[in-house]
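Below is one structure, written out as structure tokens, with a few remarks after it.
The values are calculated or read from the model by the stated rules, or taken from the named source; none is laboratory data. The structure displayed is predicted, hence computed values, not measured ones. Here Cβ is always computed from backbone atoms with ideal geometry, including for glycine, and neighbour counts include all displayed protein chains. These accessible areas exclude ligands, DNA and RNA; they are computed on the full protein's heavy atoms, side chains included. Shrake-Rupley method; radii C 1.70, N 1.55, O 1.52, S 1.80 Å.
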Amino acid sequence: MTGTNGRPTGGGAGGRTATGDTVAAVVRQWRAVHPDLDTGPMEIIGRVNRCAALLQQAEDAPLRRAGLSRPEFDLLGALRRTGHELTPGELARETFSSGAAVTKRLKQLTERGLVERRGDTRDRRVAHVRLTDAGRALVDGILPEQLAYETAVLSGLGLSQQGELAALLGELLGQLEGRLGGPPRP
């Protein structure tokens, strides 16, 4: 079925489409209240937000077993994939986190022996962070398991659908980063 805005509408029992989509019910409700408004953007943004919320609720099983949160793993991963020391400010940019959040996470990771901080020889206000051997081993051990977990999460989509979704999300992200001041990507 197609809505008045030319976009497909959801259907099914309990406000879900055949694919289990709960956003369709919200869209139908808004269309009933404001049939003159184009709810198309809500169909995309609402689904992206719902997917993100569900993924955050489920957390990442391999990370949870290792006693790490996703933001902590992102910090460790940034240090591992760049292959060199980073300042807390650089880590904040790499992980799209606030400076305060990075500082808090680095303190916890330092206490666990996963990262080390050293002062800058020229500017004592600057710290450099690097992975310890234990941190490197943890990242290298978790990454294959984490990728397998993420593959399982996406297994309901075929490879071509995954590629298409990744490309579309990449286009959207690139536009948002350019428009909203996110970091430019090479």
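Counting only protein heavy atoms, what percent of the accessible surface of the stretch 102-186 is carbon or sulfur at a 1.4 Å probe?
The C+S portion of the solvent-accessible surface of the stretch 102-186 is 58 percent.
Considering only protein heavy atoms, what per residue accessible area in square angstrom results for the stretch 68-186 with a 1.4 angstrom probe?
Using a 1.4 Å probe on heavy atoms only, each residue of the stretch 68-186 averages 65 Å².
Along Cα→Cβ, 7 Å out, is where each label goes; now give me the distance between the ones at E171 and L159 in nm to one decimal.
2.3 nm
State the extension gain, in nm to one decimal, for the chain segment bounded by F96 and N49, taking 0.36 nm per residue of separation less the distance between their alpha-carbons.
Length gained, F96 through N49: 15.2 nm.
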